[in-house]
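Here the structure comes first, spelled out in structure tokens, and everything after it is commentary.
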Amino acid sequence: MQIRRLRLENWKNFRSVDVALSSRVFLVGPNAAGKSNLLDALRFLGDVARPGAGGLQAAVANERRQGISQIRSLHARARSAIVIEVEVGDAERTNWTYRLEIAGGKQGAVVARERVEHDGTTILDRPNANDRDDGALLGQTHLEQLSANGRFRPLAEFLARIGYLHLVPQLLREPQRFDLIGSDPLGSDFLRRVANTPTKTRESRLRAIEKAMRVAVPSLAQLEQIHDKAGVPHLRGRFEHWRPNAGWQDERQFSDGTLRLIALLWILMEDQAPLLLEEPELSLNGAIVREIPRMLHAATRKRPRQILVSTHSGDLLADRGIALEEILMVTPVREGSKVEVAANRKDVRALLEAGVSPAEAVLPHTEPGAMKQQPLPFTA
């Protein structure tokens, strides 16, 4: 399954968003336009649905969001509920629609409305009679409750598996963080995840990464997972060297770029739920960045996975295999930011048809100078 459409109302930078999502999405736009905020709407649903994560109240109050007042757009009008709606299905059709509207209450966030449709039939619509009898129930979604989501459990489990990665290599190299419980989006748990993978699966993935990495690091000949004398897991690689066995290094000697690529390729193979990536081009030179779209395609060809990528990189978008339907342009306007599919812009389509690359067709329209000095939006 994949997320085929996203609708937002009053979410951070955005008063209103309604966009189709392809299996591969590239978010482009100037700084502070809202690319990360757009990804965070999907991450929010994952946080609500994920067992043990604390549900709606924890998702609203965590350090990224800090409460309803920080999530709701300053540009909200009379209808001030925050809305996230997704359509989920395969590449051909929508099977599920989930809509969540939240507002502020005396004890925190409350469900203003929660609606689930399956194949066009409504199977949940709240508030319902139980909620009216006991208003405290509106402090939780049915999405987060195993006792309440039985009729749409496949949807809840799918949303709970939405992944996010913004790897910080310095954290990955800190062994004292290996006792972290749960999944760390900054990547400090990456080596633990590799070590905990069954041997056959781990070896298969490492061989696939070796093959993919030859484009970026031709001298990397072998990857393996080991433990040191203290039992701490490490990932080490053998680099081709004129002296036998002299080319071994572990993650502490890998470059930041090498670490980021290895972790990205590994995580792409871990699951088939959507993966949200923040600026994968960091720490990489332009020649390698230009290969990222091809690497994403190759890594997900046998196990399709929807990938949503935020980027500022013209090198990443230089790949002529990127379709305009895969690019979302996020741009500031007078009240917040807007999101549009690049293929819906006649001027962008004309440039691509004239033979320019996707980067040349799209990026000039998302540069700060193209925004006619519009004031940057803020959220409250």
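For the range 1-58, the calculated P(r) over all alpha carbon pairs, in 10 Å bins from 0 to the bin holding the longest distance, is 19, 49, 29, 3 percent. Based on the reciprocal of the average 1/r between different C-alpha atoms, the Kirkwood radius for the range 1-156 equals 16.1 Å.
Based on C-alpha pairs under 8 angstrom that are at least 6 apart in sequence, the range 72-173 has a relative contact order of 15 percent.
Using the Karplus relation 6.51 cos²θ - 1.76 cosθ + 1.60 with θ = phi - 60°, the per-residue 3J(HN,Hα) values for the range 136-150 come to 5, 5, 6, x, 10, 8, 6, 4, 8, 10, 4, 6, 10, 9, x Hz, with x marking Gly and Pro.
Take every pair of alpha-carbon atoms less than 8 Å apart whose residues are at least six positions apart; their mean separation over the length of the chain yields a relative contact order of 21 percent. For the chain, the longest principal axis of the C-alpha atoms and the axis of helix 199-213 are separated by about 80°. Straight-distance candidates among the lysines for linking to LYS35, with alpha-carbon spacing under 20 Å and chain neighbours fewer than 8 residues away dropped: LYS12, LYS338, LYS372. Close amide H contacts of TYR164 (hydrogens built in the peptide plane, cut-off under 5 Å, sequence separation of 5 or more or a different chain): LEU276.
In the range 23-98, the alpha-carbon atoms span a convex hull of 134 Å³ per residue. Given a Förster radius of 51 Å and the C-beta distance between ALA103 and ARG236 as r, what FRET efficiency does 1/(1 + (r/R0)^6) yield to the nearest 0.05? Rounded to the nearest 0.05, the efficiency is 0.50.
Note on the range 212-291 and the range 122-150: Cα centroid distance 45 Å, given to the nearest whole angstrom. Expressed as a whole percent, the accessible surface of the range 53-191 that belongs to carbon and sulfur atoms is 49, based on a 1.4 Å probe.
The local environment of ARG79, defined by Cβ-Cβ distances under 13 Å, has a net charge of +2 under the rule Lys, Arg +1 and Asp, Glu -1.
Based on alpha-carbon centroids, what's the gap between the range 158-174 and the range 36-55 in Å, whole number please? A separation of 14 Å, based on Cα centres. The 3J(HN,Hα) values that the Karplus relation (6.51, -1.76, 1.60; θ = phi - 60°) gives for the range 54-64 are, in residue order, x, x, 4, 4, 5, 5, 6, 8, 5, 5, 6 Hz. Gly and Pro appear as x.
Per residue of the chain, what 222 nm ellipticity follows from adding -39500 (n - 2.57) for every DSSP H run with n ≥ 4, rounded to the nearest 500?
On the way: 13 runs with 102 residues, N = 380.
Calculated from helices alone, the mean residue ellipticity at 222 nm is -7000 deg cm²/dmol.
Report the charge-dipole magnitude of the range 232-302 in Debye, nearest 20, computed about the Cα centre from +1 at each Lys and Arg Cβ and -1 at each Asp and Glu Cβ.
Numbers: 9 positive and 10 negative charges, 74 e Å.
Roughly 360 debye, rounded to the nearest 20.
When each of the peptides 105-111, 131-137 is scored by how many other beta carbons lie within 10 Å of its residues on average, the order from highest to lowest is 105-111, 131-137.
For the range 47-129, the relative contact order comes to 18 percent (Cα pairs under 8 Å, sequence separation of at least 6).
Pairs of Cα atoms in the range 205-354 fall into 10 Å distance bins, from 0 up to the last occupied one, in shares of 9, 33, 31, 16, 8, 3, 0 percent.
What the phi angles of the range 299-308 give under the Karplus curve with 6.51, -1.76 and 1.60, with θ = phi - 60°, is a coupling list of 5, 10, 5, 7, 10, x, 9, 6, 10, 10 Hz, glycine and proline written as x.
Ranked from largest, the principal axis spans of the Cα set of the chain equal 75, 54, 37 Å. Accessible surface ranking for ASP189, ASP256, 1.4 angstrom probe, highest first: ASP256, ASP189. Applying Stokes-Einstein at 4 °C and 1.567 mPa s to the Kirkwood radius of the range 125-164, computed over alpha-carbon pairs, gives a translational diffusion coefficient of 116 µm² s⁻¹. When TYR98, TYR164 are compared by accessible area of protein heavy atoms, the largest-first order is TYR164, TYR98, using a 1.4 Å probe.
The lysines within cross-link reach of LYS211, meaning a Cα-to-Cα straight distance under 30 Å and a gap of 8 or more places when in the same chain, are LYS200, LYS229, LYS302.
Sort 20-28, 67-75 by packing, meaning the average of other beta carbons within 10 Å per residue, with the highest value first.
On the way: 20-28: 21.8, 67-75: 17.8.
Going from most to least packed, we get 20-28, 67-75.
The values are calculated or read from the model by the stated rules, or taken from the named source; none is laboratory data. Because the structure is a prediction, the values reported are computed rather than measured. Using ideal geometry, Cβ is built from the backbone for each residue, glycine included, and neighbour counts are taken over all protein chains shown. The protein model used for the area step is the full one, side chains on, heavy atoms only, and it has no ligands, DNA or RNA in it. Shrake-Rupley method; radii C 1.70, N 1.55, O 1.52, S 1.80 Å.
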